[in-house]
Amino acid sequence: MEGQTVAELKVHSKHNCYLFTPEQMKKLEQTAIAINLEPGRHTVKIQSGAFDYVGRSGLSGEPLVLLWIYGGKVVNHKTNVEVAATWESLNGYNDFLELEVREPAVMNAFFFDTYIADNDGEVTLSITRP
């Protein structure tokens, strides 16, 4: 398109990867709320709520959540690739994850931040199976 500036950003799988140690992953999995997913199709959405990084700041919180899905075979319909583990973020009430679980898996839902004392709010997820 004329008049637009386009920038490319290449993200390398090793050079731009933040490495979680096994201890950090165990802590993440213990901190997150988890649900077991049985084989079948699942739709995950933010039903309500918001996450506020700075509670009582006068700014609105964001409806967002991070998901770590592992322990079985799943297909995220956004990528259409079968994997043994995947990360996903839900950003807003209109965002959703269509997931085909081929082998039982665990889904962890969590937030991350650098300072949690001033965090406020929560989100409620809906996980439906047609």
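The residues of region 87-130 that are modelled with pLDDT of 95 or more, aromatic (Phe, Trp, Tyr) and under 27 Å from residue 19 (Cα atoms), listed by number, are 87, 96, 110. Looking at the structure I just gave you, is residue 49 surrounded by fewer than 14 Cβ atoms within 10 Å (Cβ to Cβ) and within 20 Å of the chain's Cα centre (by Cα)? Judged against the criteria, residue 49 is not a match. Highlighted here would be strands (runs of 3 or more DSSP E) found entirely within region 1-102 that include at least 2 residues which are in contact with a strand residue (DSSP E or B) (Cβ under 9 Å, 6 or more places away or on another chain), more than 18 Å from residue 121 (Cα to Cα) and polar (S, T, N, Q), but there are none.
Scanning region 103-130 for residues that are assigned to a loop (DSSP other than H, G, I, E, B) and either among the β-branched types (Val, Ile, Thr) or closer than 18 Å to residue 41 by Cβ (or both) yields 103, 104, 114, 116, 129, 130. Residues in region 55-114 that are over 23 Å from residue 30 (Cβ atoms) and among the hydroxyl-bearing types (Ser, Thr, Tyr) were compared, and the one that is farthest from the chain's Cα centre (by Cα) is 57.
Here is a check on your reading of the model: is residue 56 exposed (fewer than 12 other Cβ atoms within 10 Å of the Cβ) and touching an Asp or Glu at 6+ places or on another chain (Cβ under 9 Å)? So residue 56 fits the description; yes. Within region 1-48, being closer than 30 Å to residue 104 by Cα and aliphatic (A, V, I, L, M) holds for 19, 25, 28, 32, 33, 34, 35, 37, 44, 46. Checked against (1) more than 16 Å from the chain's Cα centre (by Cα); (2) closer than 29 Å to residue 103 by Cα; (3) among the basic types (Lys, Arg), residue 10 passes all but condition (2).
The values are calculated or read from the model by the stated rules, or taken from the named source; none is laboratory data. What you see is a predicted model; the values in this text were computed from it and never measured. Positions of Cβ are generated from backbone atoms using ideal geometry, with glycine treated the same way; all protein chains shown enter the neighbour counts.
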